[in-house]
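The values are calculated or read from the model by the stated rules, or taken from the named source; none is laboratory data. Remember, predicted model here, so these are calculated numbers, not experimental data. Cβ placement follows ideal geometry from the backbone for every residue including glycine, while neighbour counts extend to all protein chains displayed.
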């Protein structure tokens, strides 16, 4: 699905609810509500996750770390409520992660980037 605008958390959860084998998901303007539920249901198979310009917090990062052990790509473009320690912890737990994009994540500092495994 491309080009859908104004998709709510409820709509996104409904659409992905029957996609147990979902391997890639790219979404924008999401919240912890949708990201945590979707990842809890489909995270085991997720290889690529893009969460753009979303108001996610530590809650989403924790669920991603717990449920997405096979994740190879995580793109958090424009997510400005993140903290260095969350990103470092996530990278240490998600050992398959080879591509972590943090463009326009203005709260992430060079300290976090240097500390990444």
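Which of the numbered conditions does residue 63 fail, given that it passes all the others? Conditions: (1) part of a helix (DSSP H, G or I); (2) surrounded by 17 or more Cβ atoms within 10 Å (Cβ to Cβ); (3) more than 10 Å from the chain's Cα centre (by Cα).
Among (1) part of a helix (DSSP H, G or I); (2) surrounded by 17 or more Cβ atoms within 10 Å (Cβ to Cβ); (3) more than 10 Å from the chain's Cα centre (by Cα), the lone unmet condition for residue 63 is (3).
For the range 66-98, how many residues are more than 20 Å from residue 37 (Cβ to Cβ) and outside any loop (DSSP other than H, G, I, E, B)? Write out each step before concluding.
We begin by selecting, within the range 66-98, every residue more than 20 Å from residue 37 (Cβ to Cβ); these are 72-73, 77-78, 80, 83-85, 87-89, 91-92, 95-98.
From what is left, the residues that are outside any loop (DSSP other than H, G, I, E, B) are 73, 84-85, 87-89, 91-92.
Here the count works out to 8.
Got a sec? Which of 53, 26 is surrounded by fewer than 16 Cβ atoms within 10 Å (Cβ to Cβ), within 10 Å of the chain's Cα centre (by Cα) and at pLDDT 90 or above? Even if it seems obvious, please write down each step before you answer.
On the way: 53 fails: within 10 Å of the chain's Cα centre (by Cα).
Only one candidate passes the filter, namely 26.
Please work out which one of (1) over 29 Å from residue 109 (Cα atoms); (2) in contact with a helix residue (DSSP H, G or I) (Cβ under 8 Å, 6 or more places away or on another chain) is the condition residue 88 fails and give its number.
Residue 88 satisfies all of (1) over 29 Å from residue 109 (Cα atoms); (2) in contact with a helix residue (DSSP H, G or I) (Cβ under 8 Å, 6 or more places away or on another chain) except (1).
Identify all residues within the range 31-50 that are out of contact with any strand residue (DSSP E or B) (no Cβ under 6 Å at 6 or more places or on another chain), crowded, with 16+ Cβ neighbours inside 10 Å and not in a helix (DSSP H, G or I); write none if there are none.
Once the filter is applied, which keeps residues that are out of contact with any strand residue (DSSP E or B) (no Cβ under 6 Å at 6 or more places or on another chain), crowded, with 16+ Cβ neighbours inside 10 Å and not in a helix (DSSP H, G or I), the range 31-50 yields only 46.
In the range 99-117, how many are part of a loop (DSSP other than H, G, I, E, B) and either without any contact (Cβ under 8 Å) to a residue 24 or more places away in the chain or more than 14 Å from the chain's Cα centre (by Cα) (or both)? Full working, then the answer.
We begin by selecting, within the range 99-117, every residue part of a loop (DSSP other than H, G, I, E, B); these are 102-109, 116-117.
Imposing the further condition that a residue be either without any contact (Cβ under 8 Å) to a residue 24 or more places away in the chain or more than 14 Å from the chain's Cα centre (by Cα) (or both) reduces the set to 104, 106-109, 116-117.
The qualifying residues number 7.
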